[in-house]
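The values are calculated or read from the model by the stated rules, or taken from the named source; none is laboratory data. Just so it is clear, the structure is predicted and the values come from calculations on it, not from any experiment. Neighbour counts are summed over all protein chains in view; Cβ atoms, including those assigned to glycine, are modelled from backbone coordinates with ideal geometry. Side chains are part of the model used for accessible areas, which takes the heavy atoms of the whole protein and leaves out ligands, DNA and RNA. Shrake-Rupley method; radii C 1.70, N 1.55, O 1.52, S 1.80 Å.
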Amino acid sequence: MARLHVETIPILRDNYAYLLTEPETGSTAVVDPGEAGPVLAALEQRGRRLDWVVLTHHHHDHVAGLQEIKRRTGCKAVGPRGEYSRIAGLDLTVAEGESFALGHAVAEIFETPGHTAGHVCYYFPDDPALFSGDTLFVLGCGRLFEEDAAAMWTSLGKLAALPPETKVYCGHEYTLANARFALTVDPDNADLAARARKIEEARERGEPTVPTTIGEELATNPFLRADSAPIRQHLAMRDDPAAAVFGEIRRRKDLA
Ligand code: ZN
Ligand code: FE
């Protein structure tokens, strides 16, 4: 029943990498290092070795630091089996229903196709904590580059079913733009309006908005709320399948 210590490492322009430590064994991992420098500096500052790089999908802004980090630390890398041929340097691949152990902390793997075809998320049920990559963002979701809206809606459904207290660590700080967009499709949601105000303030102070929780997202993230009556009504899609409502929200965000 191991718990994780999680530190947020801002990288590139608006990406987040995460440094995970499993305190019982001292095992460490870095999630989605799109850049090596800040990750290596964080390890050095803390006097830590690195055991694993953990990857959610093949995009450059999530994997570009991998080779240098492997060279400098001798760590191994785990990533999605469906993207094995698109990520150089994976030592281990994972797929739906499998697990990945960081010391005594064990992650369950969810395949979440949508943003990319092979995207995976890592869920540590003992914490509980989810590393959602570019599938679920604070008040948003990833763009549909490799799969359609129906696939992404199914993927998000897996994450929405996790315990509401689950902390969600996502791949980008897109929250402010997401909040402003969310208000345009769910304008009467009081929880969302209150949250948007807090986000404006946090970003003015330069504070990260991660982690969020599944419960907060269920209450305020329009991409998880495509089934909600007020959003359906607002979009004049009362009788459409939820996946179609989701697709319309995604289309509007792409145009925003
Ligand atoms: Zn991506
Ligand atoms: Fe990304």
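Just to be sure I follow the definition: excluding the sites themselves, where is the longest run in the chain that has none of the trypsin sites (Lys or Arg not before Pro) in a DSSP loop with at most 16 other Cβ atoms within 10 Å? With trypsin sites (Lys or Arg not before Pro) excluded where exposed in loops, the chain gives 50-142 as its longest stretch.
The gain in end-to-end length when the Arg252 to His5 segment is fully stretched comes to 85.2 nm, 0.36 nm per residue minus the alpha carbon separation. Computed from Cα atoms, the angle from the helix 190-204 axis to the main principal axis of the chain rounds to 50 degrees.
Here each label is just a point 7 Å from Cα along the line to Cβ, and for Asp188 and Asp227 those points are 2.1 nm apart. Largest first and in whole Å, the equivalent-ellipsoid semi-axes of the range 79-187 read 24, 18, 12, each the square root of five times a Cα gyration tensor eigenvalue. Considering all C-alpha pairs of the chain, those separated by over 23 Å amount to 49%.
For the range 65-135 and the range 28-47, what is the separation of their C-alpha centers, rounded to whole Å? Here the answer is 16 Å between Cα centres.
Rounded to the nearest 20 debye, the dipole magnitude of the range 145-202 is 200 debye, with +1 charges on Lys and Arg beta carbons, -1 on Asp and Glu beta carbons, and the Cα centre as origin. Between the amide H of Phe137 and those of Gly142, distances stay under 5 Å, these residues lying 5 or more places away or on another chain, with hydrogens modeled in the peptide plane.
Expressed in nm², what is the orientationally averaged projection area of the convex hull enclosing the Cα positions of the range 1-124?
6.9 nm²
The Cβ shell under 13 Å around Asp127 holds other residues with a net charge of -2, Lys and Arg each +1, Asp and Glu each -1.
Axis of helix 37-46 versus longest Cα principal axis of the chain: the two differ by about 60°, to the nearest ten degrees. Dipole magnitude for the chain: about 440 debye, using +1 per Lys or Arg Cβ and -1 per Asp or Glu Cβ, origin at the Cα centre. Both numbers refer to the Cα atoms of the range 108-256; Rg and Dmax are 14.3, 42 Å.
Taking the protein heavy atoms of the chain in the context of the full set of protein chains, the accessible area attributed to carbon and sulfur is 50 percent at 1.4 Å.
Highest mean packing first, where packing is the average number of other Cβ atoms within 10 Å per residue, the peptides 98-104, 212-218, 120-126 line up as 120-126, 212-218, 98-104. Modelled spin-label separation between Ala101 and Arg72, with each label point placed 7 Å from Cα along the Cα-to-Cβ direction: 3.0 nm.
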